[in-house]
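Visitor: What follows is a structure written as structure tokens; I'll ask about it next.
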Amino acid sequence: MPERVIRTLSARRFETYLHAAGHDRTRAVDLYLWNAKIGAAFHIPIQAVEVALRNNVNQALMAEFGSDWWKERRFLAVIDRERRRDLRTVESRITHRGLTLETDQVVAGLSFGFWVGMLQPKYNPTVWGAHLRAVFPALPSSESRDTLFRLASSVANFRNRISHHEPLIKTDVLKVHGDVLRLLSWLCPATAQWIRPHCEVPRLVRVKP
């Protein structure tokens, strides 16, 4: 069975797991499966982070640019090329599906990367100087837009690693788990408290092959 699995997954992709397992092929397959389970376990808390961040940033953009901020000239003049490209992509998808271009559809369609990108320093004068504490009331006074941006970027990068099925066996996943829940507590403490008991990461760490 391990030989067939390794051929299916490709020997090159499996090298990391074989090396970590001391070239015990059965244990390497178990590590691969554990890696998949860890990635899946992060889905619940990271999904909560993405939705909370999206809603909070959307609230700030509505306060600064109006309910249809995504098509306001002043907003479009401020954002960078990558954010404009994200918007064009979402607008195209919505229209091709025959749906009406409206704020709810646009907000739901924009990526995690878009919302994290809106926390960049370049948006501090226009958006966050006035709205940071209003839309992130749980952000500790010791933290700033910069620390929020760095932690959100770190979580987004980890999410991308999971999406690309990268090995997590050498990653301190308990630390990442703590970072995700800390970020969520900054975004919405009630959601963080609700999500915590449903997180399987600590349990899976204890049963790592």
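The values are calculated or read from the model by the stated rules, or taken from the named source; none is laboratory data. A quick note: this is a predicted structure, and the numbers were derived from the prediction, not measured. Here the Cβ is made from the backbone with ideal geometry for all residues, glycine too, and neighbour counts use every protein chain on show. The protein model used for the area step is the full one, side chains on, heavy atoms only, and it has no ligands, DNA or RNA in it. Shrake-Rupley method; radii C 1.70, N 1.55, O 1.52, S 1.80 Å.
Visitor: Using only Cα positions of segment 55-177, each an equal point scatterer, no hydration layer, compute I(q)/I(0) via Debye at q = 0.09, 0.11, 0.13, 0.20 Å⁻¹ and quote the log10 values to two decimals.
Guide: -0.30, -0.44, -0.61, -1.18
Visitor: Evaluate the distance, in nm, between pseudo-label points positioned 7 Å from the Cα of Arg74 and of Leu101 along their respective Cα→Cβ axes.
Guide: 2.1 nm
Visitor: Distance between the C-alpha centers of segment 93-113 and segment 122-148? Whole Å please.
Guide: Here the two parts' Cα centres lie 26 Å apart.
Visitor: Here's something else I'd like to know. Roll a 1.4 angstrom probe over the protein heavy atoms and tell me the percent of accessible area of the chain that is carbon or sulfur.
Guide: Heavy-atom surface of the chain belonging to carbon and sulfur, 1.4 Å probe: 51 percent.
Visitor: List the relative contact order of segment 70-209 as a percent without decimals, with contacts defined as Cα pairs under 8 Å and 6+ residues apart.
Guide: After rounding, I find 19 percent.
Visitor: Using the eigenvalues of the Cα gyration tensor, what equivalent ellipsoid semi-axes result for segment 1-119 when each is taken as the square root of five times the eigenvalue, whole Å, largest first?
Guide: With the √(5λ) rule applied to segment 1-119, the semi-axes are 43, 15, 13 Å.
Visitor: Quick one: how many lysine pairs does the chain have with C-alpha atoms less than 16 Å apart and a gap of 8 or more or different chains? Give me the count, please.
Guide: 4
Visitor: As a check on your grasp of the helix formula, calculate [θ] at 222 nm for the chain: sum -39500 (n - 2.57) over DSSP H runs of n ≥ 4, divide by the residue count, round to the nearest 500.
Guide: -21500 deg cm²/dmol
Visitor: Also: Rounded to whole Hz and in sequence order, give me ³J(HN,Hα) for segment 44-55 from the Karplus expression 6.51 cos²θ - 1.76 cosθ + 1.60, θ = phi - 60°, writing x for Gly and Pro.
Guide: 4, x, 6, 4, 5, 4, 4, 5, 5, 5, 4, 5
Visitor: Now, a different point. So if the hydrodynamic radius of the chain is defined as the Kirkwood radius over C-alpha pairs, what does Stokes-Einstein give as its diffusion coefficient at 10 °C and 1.306 mPa s, in µm² per second?
Guide: Value of D from the Cα-based Kirkwood radius: 83 µm²/s.
Visitor: Taking every pair of alpha-carbon atoms in segment 47-98, give the share separated by more than 16 Å as a whole percent.
Guide: The proportion of pairs with Cα distances above 16 Å equals 52 percent.
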